[in-house]
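Below is one structure, written out as structure tokens; comments come after it.
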Amino acid sequence: MMRYKCVVSYVGRNYSGWQSQRKGDSIQEILEAVIERITQEKVNVIGSGRTDAGVNARAQVFMFDTKRKMPARKWMGAINAFLPDDIHIMAVEEEDDCFHARYNVRFKQYNYRINHGPYNVFTKDTVFQCPMHLDVEKMREGIPYLVGTHDFTSLNSSSLEEYPDQVRTVSSITLTEEDGVITLAFVGKGFLRYMVRMMASVFIEIGQHKYEPAHIQEILDAKRKSFPHKNSPAEGLTLEYVDYFKTLALDETGMVREFLMGDDTSCTNQELSILEQAVKENASHQFFAMTTRHSQELLGYYEINDGEASLHILEEERGIPLAKILLPQLEKRLQKHANFKPILIYNKSGKIVSNLVEETK
């Protein structure tokens, strides 16, 4: 099977969003139908994330697997030949099976554009046409309240049942203005449903002098879904860019490896030096791993960023059956290390590649 990574642009006005709705009018469904027409086989398109109805994308990333092998430039031409004129493939690359369009994301950038000048009929599908002038400097004063790690329960519509932990990190927010168009650029690893549009709405209301920038702190502190808030119009939002972690230390069999240093490890000196160098160079890398948490075996991934390695848990079950067999053996071997917990490394097929230990914080 071949894996292809694609970058697609679209204007969201005529579509029900990215995710398949079984109505045939989502971006995902349209792409799958076109690619299946070319390959004559069932295809599953996986995007970097969802965009809602009416939301645009300048550089949404998706992947698909197929038995059909073609040069990237031919894929781009073949897919575009069958797409409507408001959806367009910008780039196609062949990837190995360790790449994942969703799980390998380092950060995303969403831009929210507001025209607070004269109505512009030519940008009505991609820029929110605000009916009144906004105080840009007041809006800028609100930025520090939302940048960083916060509980965004009051500023998104994702249910607490589905996402009980609604703490997210907004890496940066910038505000620029040109020719009467304000652009709010939001950068972060991931955002909850309507989170960016609700943050944009807060900035708009500050610009309208409905409340002071400090009111943002009250919104965050409330931590409740019933807190009064609005969702800004979809057309102003565009997924601008998706950045990915690089894969490090792929061996000849294509296995993903990750190694951390501890008292007891099966890592070779060469493997340890690879990780040490990655941290030293402040490189951005991501690796998949199996770990235990609260006596449960869970899949996770390591990120090396800003000179630190951190473990994140994925809500998936791939590879767990084999891990259940091997984890007890590894735990026995490491019993003498009370402050270390076992971690198993697996490849995409769920096979254990190596093991290591991580110091318990």
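Just so it is clear, none of the values below were taken in a lab; they were calculated from the coordinates. Since the structure is predicted, the reported quantities are computational estimates derived from the model, not experimental observations. Every residue, glycine as well, gets a Cβ built from its backbone with ideal geometry; the counts of neighbours run over all protein chains shown.
Numbers below:
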item: Segment 8-54: GluC sites (Glu not before Pro) in DSSP coil with no more than 16 other Cβ atoms inside 10 Å; result: 41
item: Average silhouette area of segment 2-95, convex hull of alpha-carbon atoms, in square nanometres; result: 5.1
item: Cβ-Cβ FRET estimate between residue 2 and residue 171, R0 fixed at 41 Å, reported to 0.05; result: 0.75
item: Kirkwood-based Rg to Rh ratio, segment 37-186, C-alpha trace; result: 1.03
item: Separation of alpha-carbon centers, segment 16-39 and segment 224-240, rounded to whole Å; result: 25
item: Alpha-carbon gyration tensor eigenvalues x 5, square-rooted, for segment 105-242, Å; result: 24, 17, 14
item: At most 10 other Cβ within 10 Å, DSSP loop - trypsin sites (Lys or Arg not before Pro), segment 192-235; result: 210, 224
